[in-house]
Amino acid sequence: MQAEMMYEAQHWEWREPQISEHGPPYLPKDPRSWSRDDVARWLRDMATLHQLPQVPIDRFLMNGKALCLMSMDMFLARVPLGGKLLYKDFQLRLGKAMYTS
């Protein structure tokens, strides 16, 4: 299972996710195959899960393959509050898809 960051008591803490091993049922397991709609759903759900301000979807008009090309700085430029968390979550999902069968 992947770990995720949650904000508690003025610090970040790693926790196990509350979703199934295969992730939410509406997202393909491999983020490289995500459509623009999948990316938008992931962004909305991550903002809700981590109590972040809603991410302006127009800053991420791209599919999963395009997200793979983004650096942490690119995420932070689009989402200053929460960009690092989004980047790490995406990289964990990508790594799991690439290195597990």
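The values are calculated or read from the model by the stated rules, or taken from the named source; none is laboratory data. None of these values were measured; they are calculated from a predicted model. A quick note on method: Cβ atoms are made from the backbone with ideal geometry, for glycine too, and the neighbour counts reach across all protein chains shown.
Among the numbered criteria (1) over 21 Å from Lys29 (Cα atoms); (2) under 13 Å from the mean Cα position of the chain (by Cα); (3) surrounded by fewer than 17 Cβ atoms within 10 Å (Cβ to Cβ); (4) at pLDDT below 95, which one does Leu49 miss?
The one condition Leu49 does not meet is (1).
Is there any pair with a first residue in segment 52-64 that is under 12 Å from Ser35 (Cβ atoms) and a second that is surrounded by 15 or more Cβ atoms within 10 Å (Cβ to Cβ) and aromatic (Phe, Trp, Tyr) whose Cβ atoms are under 6 Å apart and which are 6 or more apart or on different chains, and what are they?
Asn63/Trp34; Gly64/Trp34
Let's see how each residue does on (1) touching a Gly at 6+ places or on another chain (Cβ under 9 Å); (2) under 20 Å from Asp30 (Cβ atoms); (3) at pLDDT 95 or above; (4) not in a helix (DSSP H, G or I):
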{"residue": "Arg59", "(1), (2), (3), (4)": "no, no, yes, no"}
{"residue": "Ala66", "(1), (2), (3), (4)": "no, yes, yes, no"}
{"residue": "Pro80", "(1), (2), (3), (4)": "no, no, yes, yes"}
{"residue": "Lys84", "(1), (2), (3), (4)": "no, no, yes, no"}
{"residue": "Leu92", "(1), (2), (3), (4)": "no, yes, yes, no"}
{"residue": "Gly95", "(1), (2), (3), (4)": "no, yes, yes, no"}
{"residue": "Ser101", "(1), (2), (3), (4)": "no, yes, no, yes"}
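Could you tell me whether segment 75-82 includes any residue that is over 13 Å from the mean Cα position of the chain (by Cα) and touching a residue at least 12 places away in the same chain (Cβ under 8 Å)?
Looking through segment 75-82, at least one residue is over 13 Å from the mean Cα position of the chain (by Cα) and touching a residue at least 12 places away in the same chain (Cβ under 8 Å).
Looking only at segment 52-67, filter to residues that are more than 18 Å from Pro80 (Cβ to Cβ) and touching a helix residue (DSSP H, G or I) at 6+ places or on another chain (Cβ under 6 Å); which one of those is surrounded by the most Cβ atoms within 10 Å (Cβ to Cβ)? Full working, then the answer.
Looking only at segment 52-67, we keep the residues that are more than 18 Å from Pro80 (Cβ to Cβ), and these are 61-66.
Add one more test, that the residue is touching a helix residue (DSSP H, G or I) at 6+ places or on another chain (Cβ under 6 Å), and what stays is 63-65.
Details: Asn63: 17, Gly64: 22, Lys65: 11.
Among residues in segment 52-67 that are more than 18 Å from Pro80 (Cβ to Cβ) and touching a helix residue (DSSP H, G or I) at 6+ places or on another chain (Cβ under 6 Å), the one surrounded by the most Cβ atoms within 10 Å (Cβ to Cβ) is Gly64.
Taking interchain pairs and intrachain pairs at least six residues apart, which have beta carbon atoms under 6 angstrom, with the first residue in segment 25-47 and closer than 22 Å to Tyr99 by Cβ and the second surrounded by 18 or more Cβ atoms within 10 Å (Cβ to Cβ) and at pLDDT below 95?
Asp38/Leu27
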